[in-house]
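**Student:** One structure, pasted below without further comment.
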Amino acid sequence: MVPEFLTHYYEASIGPFVSLSDLSDEDAEEVLEMLREEARVFANRRPEDYLESRWGIETLLRHLFMQKGGQPRRAHPHYMVLGECPWLKSWYPKGRELQIPLSYFSRDVISFTYGDTFPAMRTKDGKPYRGRIYMLDELPALIEEFGLPQDWNADGQFGPERYIEAHIWDNAPIVRFMTESQHIVF
């Protein structure tokens with residue numbers, strides 16, 4: 001069954017929907033360097049070429065999304081999770097979550113990867129969902145075939161698939177949430 005909401009996890013001191021991809025190259029590198037120095041933040045493990053890899057993957061995502069009829073209104077997506085994945089909240093010293101009903105999003109502004117986007121697009125292990133994006137109307141069949149990673153791999157022992165990641169290609173459905181700083185659940 002497809003969860004009826006998306007969840008965005010973020011650091012309370014920064015706020016929701018703040019993205020390295022929206023910064024200039026110089027500012028993004030500066031923020032990433034600060035994160036690397038912060039021992040309590042999951043992002044401190046990111047490699048030196050992280051931003052270059054991220055921008056390359058986001059360009060590929062956008063291209064694949066448009067091939068499937070998506071109409072991105074942003075150069076880079078905002079990221080959310082289909083349903084919940086409490087492990088992601090632990091990435092932040094003061095983690096918060098924000099949930100938005102899936103019904104807020106139209107097919108032409110949202111795509112998904114089975115698992116986190118990085119391993120979904122880069123891992124070459126022959127799994128049929130690697131290197132692919134999915135549209136909103138493809139979720140029921142995807143979940144029926146492979147299940148929700150949160151259910152079968154919550155602790156990550158079976159590989160990098162721990163959730164289905166959503167890519168939001170428009171600010172309009174989330175603009176009212178972009179300045180929220182507390183836990184919001186509908």
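**Student:** Quick check: with the 1.4 Å probe, what order do Arg73, Arg107 take by accessible area, largest first?
**Tutor:** So, going from the largest accessible area down, we get Arg73, Arg107.
**Student:** Once you list every other residue whose beta carbon is under 12 Å from the beta carbon of Asp151, what net charge do they have if Lys and Arg are +1 and Asp and Glu are -1?
**Tutor:** -2
**Student:** Along Cα→Cβ, 7 Å out, is where each label goes; now give me the distance between the ones at Asp155 and Lys94 in nm to one decimal.
**Tutor:** Here the answer is 3.2 nm between the modelled labels.
**Student:** Further, regarding this structure: Could you order the peptides 139-151, 112-124 from most to least packed, using the average number of other C-beta atoms within 10 Å per residue?
**Tutor:** Ranking the peptides 139-151, 112-124 by packing returns 112-124, 139-151.
The values are calculated or read from the model by the stated rules, or taken from the named source; none is laboratory data. None of these values were measured; they are calculated from a predicted model. Neighbour counts run over all protein chains shown; Cβ positions are idealised from the backbone, glycine included. The accessibility values were calculated without ligands, DNA or RNA, using every heavy atom of the protein model including side chains. Shrake-Rupley method; radii C 1.70, N 1.55, O 1.52, S 1.80 Å.
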